[in-house]
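Student: Below you'll find the structure I mean.
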Amino acid sequence: MRTIIEPFRIKMTEPIKMLSRAERIEALKKARYNVFLLDAEDCCIDLLTDSGTGAMSTEQWAAMMISDESYAGSKSWKKFEAAVHEITGMKHILPTHQGRAAEGILAQARVKEGDIVPNNSHFDTTRANMEYVGGKALDFLCPEGYDLGLDAPFKGNMDVEKLETCIKENGAEKIPFCMITITNNTGGGQPVSMENIRSVKSVLDKYGIPFVIDACRFAENSYFIRERETGYEEKSLLEIAREIFSYADAATMSCKKDGLANIGGFLVCNNDQWAEAFKNLLILREGFPTYGGLAGRDLEIIAVGLMEALEYDYQVYRHATVEYLGRKLSLMGVPFVQPVGGHAVFLDAKEFLPHIPPPQYPGIGLVNALYIEGGVRSVELGSVMFGRIDEEGNEIPSPHELTRLAFPRRVYTQSHFDYLAEVIEAVWEEREKITGYRITYQPEVLRHFMCHFEPTP
Ligand SMILES: Cc1ncc(COP(=O)(O)O)c(C=O)c1O
């Protein structure tokens, strides 16, 4: 059959509220033109993030009911540990309440003032955690990754040459570890090839630098490797995932993505000394090492979800939905990052709205226009999220101005995507009318979450 169907039936539904256009304009104004500050029920299709927004399976709901809420050494912990060990093969497994908690512990335990932490592209929380303890978070994305219109299979790869130059220039002792993010969320949800992971590992081995994987979307990345990289066509996603982790010394994970859970994360490593330091911080911040900030039921859900994310049919369907929207946008001529990512479509707001200069945040202009047009909530990945303020207080814009439409897992059906495509088309046709924005309030850290805007005249 040509049609790839959702590999599940729907047993429980949740109503979607439809506001009028006038109500949406009012709601956005009340939210200071920052969609993070909207009430979720005022969003008709909520594509703000794929993080923690997925639907659980019957197996996950069932697992929740048999959870063990003992403080220490619960049965649920054993299942969580077994699942994470089966996938990552790591010796030490520490549950955390979400990904950034794992990053925070890693940074606090291993990064000192003046250290450098390279990555293909740091996610915002990863960067913030490394910088908070005085580290310098550097991105070494491969050249293809910067060319938004280029259709290449592994645009999330790290630039291995640049990585080696950085090590030579700064000295290995300045680099406590190197990270790689799979898939590369900041870089358009683009995958990293196994070959690239191996090359990074071999450079790091040469200089004795540990390798840490930001594994939030490890299952989606494994699927891309199976589909696009020679030699992996016959492998299961679990085998591919295991190979990825076999090259790493440690990994951070947000189970809100490929854990198919609404909350949770983990930090894993092989080194006993690292684990000791991590455990001390874990107890201080998250909880006892057999629950780490999670309820027993969360541990159960994640144990099941991690394995469901590695089911091939699920990944085929997931990628088919993202590609479905991509094909529709191509027909309309809407500019977006090519090829579509694993969890999202990234609209190129700079190309979409060439009349709005980066200091007036075209990504926010597009996010807000999509909300007003059809109640679609998306997120800006541009100068608001990644812009930097230099020593003289000038804002340095991000190289790209993107608007991300991230797809919650197992939540929306094909007609929701048809509706979404119509909303984008309507915005595209009226794009000259969209205005820029300026910031009227911003907090010091991760400003995009809480800042306020007003439209520019
Ligand atoms: C690549 C990447 N790393 C880390 C995180 C942080 O995870 P969490 O939101 O669970 O703290 C995210 C979340 O979106 C992510 O996409």
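The values are calculated or read from the model by the stated rules, or taken from the named source; none is laboratory data. This is a predicted model, so every value here is computed, not measured. Please note: Cβ atoms are built from the backbone with ideal geometry, for glycine as well, and neighbour counts cover all protein chains shown. Areas reflect the complete protein model, heavy atoms only, side chains present, ligands, DNA and RNA absent. Shrake-Rupley method; radii C 1.70, N 1.55, O 1.52, S 1.80 Å.
Student: Could you point to the residue in 105, 31, 120 farthest towards the positive end of segment 27-143's charge dipole, with +1 and -1 charges on the Cβ of Lys/Arg and Asp/Glu respectively?
Tutor: My answer, from the dipole projection, is 105.
Student: Okay, moving on. Just read off the accessible area of residue 70 with the full protein assembly in place, 1.4 Å probe, to the nearest 10 Å².
Tutor: 60
Student: Could you tell me the extents of segment 257-296's C-alpha atoms along the three principal axes, largest first, rounded to whole Å?
Tutor: Answer, in whole Å and largest first: 31, 20, 13 Å.
Student: When only C-alpha pairs under 8 Å and at least 6 residues apart count, what is the relative contact order of segment 107-201, in percent?
Tutor: 33
Student: Where does each of 12, 385 land when they are ordered by accessible area, with a 1.4 Å probe and the largest first?
Tutor: Largest accessible area first, the list is 12, 385.
Student: Something else now. Counting other C-beta atoms within 10 Å, and keeping those with at most 14, which DSSP coil trypsin sites (Lys or Arg not before Pro) do you find in segment 1-42?
Tutor: When the trypsin sites (Lys or Arg not before Pro) of segment 1-42 are filtered for loop state and at most 14 Cβ neighbours within 10 Å, 2, 9, 11, 17 remain.
Student: May I pose another question? Give the Debye-formula value of log10 I(q)/I(0) at each listed q (0.11, 0.12, 0.16, 0.18 Å⁻¹), with one equal scatterer per alpha carbon of segment 152-290, two decimals each.
Tutor: Results for segment 152-290 at q = 0.11, 0.12, 0.16, 0.18 Å⁻¹ read -0.44, -0.52, -0.90, -1.09.
Student: For segment 202-255, what is the accessible area per residue in Å² when the probe is 1.4 Å?
Tutor: Details: 1810 Å² over 54 residues.
Ligands and nucleic acids excluded, the result is 34 Å² per residue.
Student: Report residue 450's accessible area, 1.4 Å probe, all protein chains in place, as a number in Å² to the nearest 10.
Tutor: Surface accessible to solvent at residue 450 totals approximately 100 Å².
Student: Hey, what's the per residue convex hull volume over the C-alpha atoms of segment 228-273, in cubic angstrom?
Tutor: On the way: hull volume 4.3 nm³, N = 46.
Spread over its residues, the Cα hull of segment 228-273 gives 93 Å³ apiece.
Student: Between segment 345-368 and segment 40-105, what is the separation of their alpha carbon centroids in Å?
Tutor: One Cα centre to the other: 35 Å.
Student: Hey, another quick one. Roughly how many Å² of residue 388 are accessible to a 1.4 Å probe, to the nearest 10?
Tutor: 110
Student: Rounded to the nearest 5, what is the percent of antiparallel bridges among the DSSP beta bridges in the chain? Don't skip to the end; give the middle numbers.
Tutor: Numbers: 27 of 40 bridges.
Given both bridge residues lie in the chain, the antiparallel proportion sits at roughly 70 percent.
Student: So, with +1 on the Cβ of K and R and -1 on the Cβ of D and E, and no other charges, what is the size of the charge dipole of segment 368-457 about its Cα centre, to the nearest 20 debye?
Tutor: Magnitude of the dipole: close to 440 debye.
Student: May I ask you to evaluate 6.51 cos²θ - 1.76 cosθ + 1.60, the Karplus curve with θ = phi - 60°, for each residue of segment 451-457 and list the ³J(HN,Hα) values in order in whole Hz, giving x for glycine and proline?
Tutor: Going residue by residue, I get 6, 10, 10, 9, x, 7, x Hz, with x marking Gly and Pro.
Student: What's the magnitude of the charge dipole for segment 156-206 around its Cα centre, counting Lys and Arg as +1 and Asp and Glu as -1 at the beta-carbon? Answer in Debye, nearest 20. Before the final figure, lay out each step's value.
Tutor: Numbers: 6 positive and 7 negative charges, 17 e Å.
Dipole about the Cα centre, nearest 20: 80 debye.
Student: What is the percent of Cα-Cα separations in segment 295-345 that go past 15 Å?
Tutor: I get 57 percent for the Cα pairs in segment 295-345 exceeding 15 Å.
Student: Going Cα to Cα from residue 136, which lysines come in below 29 Å? Please leave out same-chain ones fewer than 8 positions away.
Tutor: 91, 112, 155, 162, 168, 174, 201, 206, 256, 257, 279, 350
Student: Taking chymotrypsin sites (Phe, Trp or Tyr not before Pro) as candidate sites, keep only those in a DSSP loop with at most 15 other Cβ atoms within 10 Å, then name the longest stretch of the chain containing none of them.
Tutor: 72-457
Student: Moving on. For segment 34-74, what % of the accessible area comes from carbon and sulfur atoms, probe 1.4 Å? Don't skip to the end; give the middle numbers.
Tutor: On the way: 1090 of 1920 Å².
Solvent-exposed carbon and sulfur of segment 34-74 make up 57 percent of the total.
Student: Same structure again: Please list the radius of gyration and Dmax for segment 266-391, considering alpha-carbon atoms only, with Å as the unit.
Tutor: Cα only, segment 266-391: 20.9, 55 Å (Rg, Dmax).
Student: Still on this structure, please answer the following. If you wrap a convex hull around the C-alpha atoms of the chain and split its volume per residue, what is the figure in Å³?
Tutor: 144
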